[in-house]
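Presented below is the structure to which this report refers.
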Amino acid sequence: MTSLAIFAVVAMIIGVFLVATMVMRTVWIIPQARARNVERFGRYQRTLPAGISFIIPFVDKVKPLIDLREQVVTFKGQPVITEDNVVVHIDTVLFFQVTDPRAADYEIANYIQAIEQLTATTLRNVIGTLDLEATLTSRDTINTALRGVLDDASGKWGIRVTRVEIKAIEPPPSIKDAMEKQMRAEREKRAAILTAEGVRQSKILTAEGEKQSAILTAEGAKQAAILEAEGKSIAIEQVFTSIHENDPDPKLLAYQYLQTLPQLAQGEGSTFWVIPSEVTSALQAVTKAFGGAVPDMAEQLAEKAGGGGSERAGRSDKGTARTRRAVERANQEAQEAAKEAQEAVEEAQSTTRLKLEGDAGTTPPFELAPGRGEERAR
């Protein structure tokens with residue numbers, strides 16, 4: 001191969017390379033949501049939109065690609081002093097979008113750094129008017145203030161700040177310890193209050209239960225007393241009705257007095273007791289009562305007062321000799337029973353007088369008047 005042929009091949013290769021370079025520098029394909037600025041002889045000429053574009057090679061210069069999508073930038077913690085002189089570190093997250101590629105490229109050299117510094121200064125201005133408690137609880141207020149300031153300042157740079165968020169607020173360790181102690185104290189306080197409320201409610205319920213129990217017990221006692229009184233009333237009514245229906249005579253009452261009289265002297269604490277005047281009258285009535293016909297009650301009285309005398313004869317027709325003998329025998333036994341009852345009364349009186357003299361060393365405060373049969377106090 002001659003040198004001429006070699007030179008022709010080399011020239012052809014160089015020509016193809018130059019043509020390819022010319023084509024590549026002339027035709028530009030811009031992706032969607034991207035943009036490029038074009039300078040001609042050092043001056044801004046136009047902005048290439050998304051799609052295919054043509055320029056004059058070696059005359060026009062295409063600048064780096066600019067992203068038109070919304071972007072997220074995280075800034076590291078910035079030390080900020082609150083109104084109550086507490087240094088806190090605040091991490092922020094910024095959402096922005098380039099709306100004017102020309103302004104973003106020519107109005108500011110580095111818009112990311114500019115936004116970071118603007119965010120730090122705005123945070124110091126906003127947090128400086130708030131205390132620590134308000135700083136921790138007013139994130140929405142801080143976000144709104146930051147967005148307003150950043151949006152106004154970055155508008156001339158062709159940038160729109162869509163959102164600003166406080167990522168973290170880190171107080172000093174000592175403040176964290178104090179906050180934890182305060183939180184623990186608040187929780188213990190709420191626990192104590194809840195415990196006290198529980199105890200109070202328990203006592204209220206217990207008192208209500210005891211109240212209801214006492215009411216029910218009283219109602220039961222009332223009902224029981226009413227029923228007992230009704231029972232006693234019915235019993236008394238029946239006894240009263242039975243007595244009046246049977247029509248007892250004075251001899252039965254006299255005999256009941258004789259049975260009750262010995263029990264009056266048996267009380268240990270009795271120093272004064274009354275013998276009704278009806279006793280002596282009843283004793284006399286016992287003797288006089290059997291002067292006529294003797295009823296069944298006269299036979300029973302004679303039987304009990306005689307201490308187991310001979311068995312009484314049965315009833316028979318009036319006017320027979322056997323009946324007259326029974327009447328005479330009953331009268332005699334009734335007189336003996338009355339005499340024994342009188343002796344029992346005198347013996348009970350003397351026994352009571354001796355007991356009182358032995359216990360108190362004094363004479364008894366009463367005596368039985370034999371003429372009237374009633375007790376007279378001295």
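The values are calculated or read from the model by the stated rules, or taken from the named source; none is laboratory data. These numbers were taken from a predicted model, which means no experiment stands behind them. Backbone-built Cβ (ideal geometry, glycine too); neighbour counts: all protein chains shown.
Return the only residue of SER202, SER154, SER233, SER213 being hydroxyl-bearing (Ser, Thr, Tyr) and either exposed (fewer than 10 other Cβ atoms within 10 Å of the Cβ) or under 30 Å from GLN113 (Cβ atoms) (or both). Selected residue: SER154, the only one of SER202, SER154, SER233, SER213 that is hydroxyl-bearing (Ser, Thr, Tyr) and either exposed (fewer than 10 other Cβ atoms within 10 Å of the Cβ) or under 30 Å from GLN113 (Cβ atoms) (or both).
If you go through segment 73-111 and keep only what is of a type in the set (S, T, N, Q), under 14 Å from ILE169 (Cβ atoms) and part of a strand (DSSP E or B), you end up with GLN78, THR92. How many residues does segment 132-161 contain that are more than 23 Å from ASN85 (Cα to Cα) and either of a type in the set (Asp, Glu) or not assigned by TED's automatic domain parsing to the domain that holds PHE95 (or both)? So the answer is 2. Given the conditions (1) over 27 Å from LEU68 (Cα atoms); (2) in a helix (DSSP H, G or I); (3) in contact with an Asp or Glu (Cβ under 8 Å, 6 or more places away or on another chain), which single one is not true for LEU130? LEU130 satisfies all of (1) over 27 Å from LEU68 (Cα atoms); (2) in a helix (DSSP H, G or I); (3) in contact with an Asp or Glu (Cβ under 8 Å, 6 or more places away or on another chain) except (2).
The requirement of being in contact with a Lys or Arg (Cβ under 6 Å, 6 or more places away or on another chain), crowded, with 16+ Cβ neighbours inside 10 Å, in a strand (DSSP E or B) and of a type in the set (S, T, N, Q) is fulfilled nowhere in segment 50-61; no residue meets it. Among the candidates GLN97, GLN113, which residue alone is within 30 Å of ARG34 (Cα to Cα) and at pLDDT 90 or above? It is GLN97.
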